[in-house]
Each structure stands twice: as C-alpha cells, then as structure tokens.
C-alpha cells in the first residue's frame, strides 16, 4: 500500500494479465505479479488501485475466473511491527470489505524469512 502519488523507483512493464501497464515498486510486488500471471485461477489484475477518498493505493486487485475480486497487499516482514503499517493495512482491509470483498479474499503478501545459521 502506497500513497497515491508515490515517487519512488518504479519498474514499468507489459504483463499478459495486467489490464494496464504493470508498475511495481519493489521485488515483492514484482514477484507477486509474476505469480499471478502464472495462476490459472486469475483472469486479470490491476496494480496500484486507488482507494477512493483515502489517498492511498492497494498493491494488486485481481479478478478471479469466476468474477470475484481478490486484493493483495505487499509488506516486508521487518516493517510489520510499525504501527503506521498496521494502520494502513487495516484501512485497506476495511475499505475493501465495505466494497464487497470477502475477508478471505483480502490477502497480505509477506516476504519469506531468511534462514539463519546458528553455530
């Protein structure tokens, strides 16, 4: 989830199932779009969808083959402890629940924990 006019580094590319130009802002966001392209249950998706009236965007909103929406928000594990991140994720979830997305169709994508070697 990002501010509406986020000015960070972005990668723009054409992706098969993306309705517009696919704009990703980090590796996690890019990896998610790559996975959705390969997912046969996803018909199409949009990146950085505006949450009207809130000034923020959701990372990816996908349309499943049966027509229902699935919302994906990306977050890095190290940022989840920040209260501001939790507040933004709650805001996104509440917004989409009010717009008919089921609880199980609002999904948080978190990077994998890196294994550590203990001696």
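Read the figures in this text as sums done on the coordinates, not as results from a lab. For clarity, every value in this text was computed on a predicted model and none was experimentally measured.
Relative contact order of the chain: 22 percent, from C-alpha pairs under 8 Å at least 6 residues apart in sequence. Each principal axis of the Cα cloud of segment 32-80 was evaluated for its coordinate range; sorted largest first, these ranges are 30, 28, 13 Å. Take the Cα pairs of segment 1-42, get the Kirkwood Rh, then feed it into Stokes-Einstein at 4 °C and 1.567 mPa s and tell me D in µm²/s. The Stokes-Einstein estimate is 116 µm²/s. Spatially, segment 16-46 and segment 49-119 are offset by 14 Å when compared through their Cα centroids. The helix-based estimate of mean residue ellipticity at 222 nm for the chain, built from -39,500 (n - 2.57) per DSSP H run of four or more residues and divided by its residue count, is -7500 deg cm²/dmol to the nearest 500.
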